[in-house]
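Down below is the structure, laid out as structure tokens.
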């Protein structure tokens, strides 16, 4: 089998706190990594010099807010069949052999994947799925300040794969430095404001994108009124449906936060009447019901969404199954349906590999029942024995007993596997 090659491409401003940690983590890609490319947009000379010393190809470009153009420039400099998009504080973990099998062309393959939607774990947020790894021959970025990946062939929809977190995963270091996070949001607001001033007379999709970007920054800074003004303007401007729906979706979240539920439901109705993903509109509806205190209704909605797979926002982002399961688990606990909450937690641990995040809660929901019975449920759910047992062993009682019971099942499972 040929060895596929990829490049890791980073567009850096002046807000990367630990570029060393990011670049060091790329060793997890092994022989797949052919190059690292850094495009500086307002990054300090010191940051770019460090990237050069670390072996990256480095160029600078004006900070004009066109992040799509910056990412495309990085991909062109890379010259590899695949590009992995990262931020300066990201960390990569991967199994190069398993990842390589997904990237290489297979004999007799009729349709090649264009991209991989990779699990991204934030410091303080549930895991989500983002398109981070893509085939340069098939895709490129558009969208200026809010870049999104599209097929190069007009009218064709991207064909992504969704590898498991054991194949490749990105974790983000954001969230552990409140002062630094506020400074980054202020820089995002200032950058978006500069773009709005330039595009103000032109209108169109790019102005709407810049207004949404500034609204997100302002919301993070606690300026709800400023965010509301930007989003109301964005959804009223002439623009493409995708851009208007992005503004509407963002505004729904802001209205829920400020408990304006009637306005939020009106916007959701507008989304339903257009081309927005019905599943994501249902997700927003569930958020409204939960905020109104109607936990049973919210649970009914999200429980139905568990079979829908990925829910897609208008800007191309997704709500992945782990986030849906997490929300279902929380709502089930609110209505005292602890059996359903346990089933969701069990799936998060067994199927989605989040034992370190949810292991303690799994034990709490299991309660006084025997560790041996819990081990049986984990095996039935397909949990990998070694990582789950290791995580359970690090927890208070009955974690170690559950780990012993799970490891005791290994000979039995080995014998079953050998007979297949």
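Among the residues here, residue 319 qualifies as under 22 Å from residue 282 (Cα atoms) and under 23 Å from the mean Cα position of the chain (by Cα). Only a single criterion out of (1) surrounded by fewer than 19 Cβ atoms within 10 Å (Cβ to Cβ); (2) within 29 Å of residue 168 (Cβ to Cβ); (3) in contact (Cβ under 8 Å) with a residue 40 or more places away in the chain; (4) touching a helix residue (DSSP H, G or I) at 6+ places or on another chain (Cβ under 8 Å) is not satisfied by residue 387, namely (3). In the stretch 330-353, the count of residues that are assigned to a helix (DSSP H, G or I), modelled with pLDDT under 95 and under 30 Å from residue 212 (Cβ atoms) is zero. Of all the residues in the stretch 271-295, those that are within 20 Å of the chain's Cα centre (by Cα) and outside any helix (DSSP H, G or I) number 2. Just one of (1) over 25 Å from residue 118 (Cβ atoms); (2) assigned to a loop (DSSP other than H, G, I, E, B) trips up residue 372, so point out which. It fails just one condition, (2). Could you check, for the stretch 304-321, whether at least one of its residues is free of Cβ contacts under 8 Å to residues at least 24 places away in the same chain and part of a helix (DSSP H, G or I)? Yes, the stretch 304-321 contains a residue that is free of Cβ contacts under 8 Å to residues at least 24 places away in the same chain and part of a helix (DSSP H, G or I). Inspection of the stretch 55-62 identifies no residue that is touching a strand residue (DSSP E or B) at 6+ places or on another chain (Cβ under 9 Å), in a helix (DSSP H, G or I) and either more than 21 Å from residue 317 (Cβ to Cβ) or touching a residue at least 24 places away in the same chain (Cβ under 8 Å) (or both).
Matching residues to (1) out of contact with any helix residue (DSSP H, G or I) (no Cβ under 7 Å at 6 or more places or on another chain); (2) under 23 Å from residue 93 (Cβ atoms):
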| residue | (1), (2) |
| --- | --- |
| 333 | no, no |
| 336 | yes, no |
| 339 | yes, no |
| 344 | no, no |
| 351 | yes, yes |
| 357 | yes, yes |
| 360 | yes, yes |
| 370 | yes, no |
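Say whether the condition of being under 24 Å from residue 143 (Cα atoms) and touching a strand residue (DSSP E or B) at 6+ places or on another chain (Cβ under 7 Å) is met by at least one residue in the stretch 298-309. Write out each step before concluding.
From the stretch 298-309, those under 24 Å from residue 143 (Cα atoms) are none; that's our starting set.
Taking every residue of the stretch 298-309 in turn, none turns out to be under 24 Å from residue 143 (Cα atoms) and touching a strand residue (DSSP E or B) at 6+ places or on another chain (Cβ under 7 Å).
Residue 170 falls short on exactly one of the conditions (1) farther than 24 Å from residue 89 by Cα; (2) touching a strand residue (DSSP E or B) at 6+ places or on another chain (Cβ under 7 Å); (3) crowded, with 18+ Cβ neighbours inside 10 Å, and that condition is (1).
The residue of the stretch 195-228 that is surrounded by the most Cβ atoms within 10 Å (Cβ to Cβ), among those that are part of a helix (DSSP H, G or I) and out of contact with any helix residue (DSSP H, G or I) (no Cβ under 8 Å at 6 or more places or on another chain), is 198.
The values are calculated or read from the model by the stated rules, or taken from the named source; none is laboratory data. Keep in mind that this is a model prediction, so the values were computed, not measured. With ideal geometry, Cβ positions are generated from the backbone for all residues, glycine too; neighbour counts draw on all protein chains shown.
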